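> The following block contains the structure, expressed as structure tokens.
The values are calculated or read from the model by the stated rules, or taken from the named source; none is laboratory data. Source: prediction; values computed, not measured. No Cβ is skipped: glycine too gets one built from the backbone with ideal geometry, and neighbour counts run over all protein chains shown. Calculation scope for accessible area: heavy atoms of the full protein, side chains included, ligands and nucleic acids excluded. Shrake-Rupley method; radii C 1.70, N 1.55, O 1.52, S 1.80 Å.
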Amino acid sequence: MSQEDYLRDISEIKNLMSKSSKFISLSGLSGILAGIYALIGAGYAYWLVAQKGGGILTLDGEVFRLALIDLLLVGAISVGTAIFLTTRKAKKNNEKIWDPLTRRLLFNFMIPLVAGGIYIIVILNQQRYGQTGALMLLFYGLALFNASKFTLGDVKYLGLTQIVLGLLSAIIPGYGFWFWVLGFGVMHIVYGVVMYFKYDRK
């Protein structure tokens, strides 16, 4: 065998090992769409607070309930889109969508996310909601970073970015909304574009 044959075999072995140890069917397009959904939802929430809430958001008001529904809809649509596009990509690549690797990925992703969600609900009930945006970014970033070892390495950098934005949001009070827009909106679009051109177009 020539040196080129050896190199090709080694490359194929590395690819097989990567496929068996990492979930690689994540869709870049789902990241782009999640960012767009977040920007649309943020735009509606901003209009809602400015026009109907007089620039003030209170926990026991109608504006807060509408903003919460807006947030939940953005999250649900984003998750639904991600599941649909990731499943379609996995089928296209003849890969399993639900196996022990996927379960490990979801478990490691959900632990920080659920813990963060519960903590945010606790402080909201205590009427301490000044750091809500920062906490959402922090726990989401930790969830991504924790799950990144079971999927594409690019997810780790998105997680680190969200963590940094969450810390900046905590350091600079009063700008939590804009850091949230940057993290969940803009950075998801940037991440999705990178993933799409790096993996999906191949």
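> Looking at this structure, is residue 56 open to solvent by 20 Å² or more (accessible area, probe 1.4 Å), at pLDDT below 85, under 22 Å from residue 121 (Cβ atoms) and not small (Gly, Ala, Ser)? Give the derivation first.
Details: open to solvent by 20 Å² or more (accessible area, probe 1.4 Å): yes; at pLDDT below 85: yes; under 22 Å from residue 121 (Cβ atoms): yes; not small (Gly, Ala, Ser): yes.
Judged against the criteria, residue 56 is a match.
> Within the stretch 165-189, can you find the residues that are at pLDDT below 90 and open to solvent by less than 60 Å² (accessible area, probe 1.4 Å)?
Quick first cut of the stretch 165-189, residues at pLDDT below 90 only: 173-177.
Passing the criteria: only 176.
> Still on this structure, please answer the following. Within the stretch 124-164, track down each residue that is modelled with pLDDT of 90 or more, under 22 Å from residue 99 (Cα atoms) and out of contact with any Ser or Thr (no Cβ under 7 Å at 6 or more places or on another chain). Reasoning before the result, please.
Kept after step one, since they are modelled with pLDDT of 90 or more, are these residues of the stretch 124-164: 134-146, 156-164.
Going one step further and asking which of them are under 22 Å from residue 99 (Cα atoms), we end up with 143-146, 156.
If the condition is that a residue be modelled with pLDDT of 90 or more, under 22 Å from residue 99 (Cα atoms) and out of contact with any Ser or Thr (no Cβ under 7 Å at 6 or more places or on another chain), then 143, 144, 145, 146 are the ones that fit.
> For residues in the stretch 75-123 being at pLDDT 85 or above and of a type in the set (Gly, Ala, Ser), which is least open to solvent (accessible area, probe 1.4 Å)?
That would be 116.
> Still on this structure, please answer the following. Is it the case that residue 41 is at pLDDT 80 or above and either buried (at least 22 other Cβ atoms within 10 Å of the Cβ) or not in a helix (DSSP H, G or I) (or both)?
Against the criterion (at pLDDT 80 or above and either buried (at least 22 other Cβ atoms within 10 Å of the Cβ) or not in a helix (DSSP H, G or I) (or both)), residue 41 qualifies.
> Taking only the stretch 103-128 into account, find how many residues are small (Gly, Ala, Ser) and either under 23 Å from residue 65 (Cβ atoms) or within 14 Å of the chain's Cα centre (by Cα) (or both). So that I can check it myself, show each step before the final result.
The first filter runs over the stretch 103-128 and keeps only residues small (Gly, Ala, Ser), leaving 115-117.
Imposing the further condition that a residue be either under 23 Å from residue 65 (Cβ atoms) or within 14 Å of the chain's Cα centre (by Cα) (or both) reduces the set to 116-117.
Here the count works out to 2.
> Being open to solvent by 60 Å² or more (accessible area, probe 1.4 Å), modelled with pLDDT of 85 or more, assigned to a helix (DSSP H, G or I) and within 16 Å of residue 121 (Cα to Cα) is true for just one of 72, 68. Which residue is that? Don't jump to the end; show me each part of the working.
Details: 68 fails: modelled with pLDDT of 85 or more.
Checking each option against the conditions leaves just 72.
> In addition: If residue 148 passes every condition in (1) surrounded by 14 or more Cβ atoms within 10 Å (Cβ to Cβ); (2) farther than 19 Å from residue 184 by Cα; (3) without any contact (Cβ under 8 Å) to a residue 12 or more places away in the chain but one, which one does it miss?
Against the list (1) surrounded by 14 or more Cβ atoms within 10 Å (Cβ to Cβ); (2) farther than 19 Å from residue 184 by Cα; (3) without any contact (Cβ under 8 Å) to a residue 12 or more places away in the chain, residue 148 comes up short only on (2).
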